[in-house]
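Some notes on the structure that comes next.
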Amino acid sequence: AEFESSRAQKDHSERTVSEARFLYVGNFLYWKGMHIGLRAFALLVRERPTACLTMVGNGPERAKWRRLSERLGIEDHVTWVPKVERTQLSAFYESHAALLYPSLHDSGGTVVLEALVHSLPVICLDLGGPAKLVTAECGFVIDTHNSSRDIVARRLFDAMMRVCQDSTLRSRLSANAANRAAKFSWTHQVNNVYEDIDGIHKE
């Protein structure tokens, strides 16, 4: 079903998030990897019939991904949201348990960083920019080396299951996410540069 977002932003301490509620935000392009992410989510639905996935964005793969969700029998668990303004994304980040972002070769990772800023744990692959942003302290970086699509999907599923099953883990990942994001802030980067300069002068 299509969804119109008009939810007001909530303070982190007030929000209540279902442990089986996952989010994808980004362009709907093949290399964003959601043909694998949807298969992983289908495995989750078998174990967690209340699981849901919100897909925020648009692009040429939209129709293919919707047909795939139908073939996998998960169409009733997936909500498709047209692309929204960045100012509206906070409500999505704050109402889900984790960001599912299985991009195959993102050079950067703006969406990942935004999720972390909002204390949202991230599940990504060990490919490209997202793998440089995410650590075991704030999410899951899935090993893809010499692995088939189905094996990667199974590993993504395993990560989602851990998020669902372990409330202590969810709390720890969420608490560490914003701290991780802060390490990539402009102020932090500038401070690091000055520390390096100071170190050179002292040598």
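Per-residue answers, yes or no, for (1) closer than 15 Å to ARG155 by Cβ; (2) assigned to a loop (DSSP other than H, G, I, E, B):
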| site | (1), (2) |
| --- | --- |
| ASN27 | no, yes |
| PHE41 | yes, no |
| LEU44 | yes, no |
| LEU53 | no, no |
| ASN58 | no, yes |
> Name the residues in segment 162-181 that are of a type in the set (A, V, I, L, M) and either open to solvent by less than 50 Å² (accessible area, probe 1.4 Å) or on the phi > 0 side of the Ramachandran plot (or both), would you?
Replying inline: VAL163, LEU169, LEU173, ALA177, ALA178, ALA181
> What residue, of ALA136, ALA98, ALA159, is open to solvent by 70 Å² or more (accessible area, probe 1.4 Å), within 14 Å of the chain's Cα centre (by Cα) and either among the charged types (D, E, K, R) or modelled with pLDDT of 95 or more (or both)?
Replying inline: ALA136
>> With the requirement that a residue be over 18 Å from VAL163 (Cβ atoms) and surrounded by fewer than 17 Cβ atoms within 10 Å (Cβ to Cβ), what does segment 44-61 give you?
In response: ASN58, GLY59, PRO60
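The values are calculated or read from the model by the stated rules, or taken from the named source; none is laboratory data. None of these values were measured; they are calculated from a predicted model. All Cβ positions, even for glycine, are placed from backbone atoms using ideal geometry, and neighbour counts span all protein chains on display. Please note that ligands, DNA and RNA were not included when accessible areas were found on the heavy atoms of the full protein model with its side chains. Shrake-Rupley method; radii C 1.70, N 1.55, O 1.52, S 1.80 Å.
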